[in-house]
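The block underneath contains the structure these notes are about, expressed in structure tokens.
Please treat every number below as a calculation from the coordinates, not as lab data. Just so you know, these numbers come straight off a predicted model, no measurement behind them. Cβ placement follows ideal geometry from the backbone for every residue including glycine, while neighbour counts extend to all protein chains displayed.
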Amino acid sequence: MMVHTVEFASVLPGAIGFKEGNINDTYRGQVLRQNGSIATAVLKDVGPKELANELLCFVLARMLDLPVPDALLAQAAMSDLSTSKGPLTRDGRRLVLASTDVGVPNIQFRYQKDVPGRARLLAAITAWPNLGRLYGFDAWVANVDRHAGNLLFGSGAEAWLIDHGWAFTGPDWNSAGLDSSAEYPHRLSEWLTPHLTDAGKIARARQSGVLQADLSKIDIDAAIAASKAELLLLPEELDAVRMFLHNRIAEVTRLACSALNLSVLPI
């Protein structure tokens with residue numbers, strides 16, 4: 001599986017803060033990428049663990065061919081962006097998350113703004129080819145916050161997974177609290193599972209089983225290195241995440257089935 005290494009980037013002057021249900025200080029601005037190109041990005045000022053969660057999940061999702069916007073580790077001068085949570089570089093700049101802006105609305109926004117189109121939107125989401133893999137992925141990384149605002153959905157089957165700061169049980173996880181067999185909250189079970197037919201639930205559960213098989217092919221050490229999590233987490237925290245991901249592979253189908261309100265995966 002191809003490993004996508006997280007790039008460094010620099011935040012350019014002119015970013016503007018916005019509020020669209022986001023908890024963290026969030027901005028929309030431009031970043032200068034390592035290849036010299038300029039990209040429009042959503043910038044988030046978050047703490048080291050939440051930043052590591054975002055970057056590691058980006059790498060893992062890309063390895064599994066799940067659609068996620070490019071996630072960059074951006075350096076922001078204090079004069080260009082008001083920040084307080086991320087680590088500081090030696091020259092006094094703050095590390096922030098930069099997620100390239102794909103220009104696709106989230107499901108919550110579309111659901112609120114297009115009342116007549118709600119049925120069509122739900123039908124498109126439940127028919128999305130990667131939906132079962134998403135159930136499995138969120139179970140694997142213990143993402144406890146995949147609400148409707150954290151899934152972008154455009155025309156046809158265009159979809160993007162965003163906001164993985166609440167993976168690994170949340171932004172304030174601790175090593176002792178990462179239990180590879182535990183059934184953590186799976187938000188898709190709350191707002192999406194009720195709209196699936198019985199046949200749809202079974203089909204998505206089987207897709208999660210295929211994802212579980214794919215997980216055995218992932219080089220977790222390579223993914224952690226590519227995510228630059230080593231710059232953000234303590235050695236013992238890296239070891240805990242590594243062990244959690246490795247041991248949780250065997251639990252993915254079971255946990256996805258639970259989120260789909262299935263007791264077991266039907267044969």
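Observations, loosely collected:
- Sparse-neighbourhood loop sites, chymotrypsin sites (Phe, Trp or Tyr not before Pro) in the range 1-76 - DSSP loop, at most 13 other Cβ within 10 angstrom: 18
- Only alpha carbons enter this Debye calculation for the range 141-187, each as an equal point scatterer, and the log10 of I(q)/I(0) it gives at q = 0.14, 0.17 Å⁻¹ is -0.40, -0.54.
- Extent of the range 7-100 along its three principal axes (Cα atoms, max minus min coordinate, largest first): 38, 31, 27 Å.
- Under 15 Å from residue 85, Cα to Cα: aspartates and glutamates that are on another chain or at least 8 residues apart: 25, 45, 50, 54, 172
- C-alpha center-to-center spacing [the range 228-263, the range 98-151] in angstrom: 22 Å
- With all pairs of different C-alpha atoms in the average, the Kirkwood value for the hydrodynamic radius of the range 142-267 is 15.9 Å.
- Tail fraction, Cα-Cα pairs, the range 114-175, threshold 17 Å, whole percent: 45 percent
- Cα-based equivalent ellipsoid, the range 211-267: semi-axes from gyration tensor eigenvalues, Å: 28, 12, 8
- The charge dipole of the range 65-161, taken about its Cα centre with unit charges on the Cβ atoms of Lys, Arg (+1), Asp and Glu (-1) only, comes to about 220 debye.
- Within the listed set 233, 56, 215, the Gaussian network model of the chain (springs between alpha-carbon atoms below 10 Å) gives the highest mean-square fluctuation for 233.
- Mean Kyte hydropathy of -1.0 or more with a Cα span along the axis of at least 18 Å, helices from DSSP in the chain: 48-63, 198-215, 235-248
- Restricting the GluC sites (Glu not before Pro) of the range 1-95 to loop positions (DSSP other than H, G, I, E, B) with no more than 15 neighbouring Cβ atoms within 10 Å leaves 20.
- Close amide H contacts of residue 142 (hydrogens built in the peptide plane, cut-off under 5 Å, sequence separation of 5 or more or a different chain): 168.
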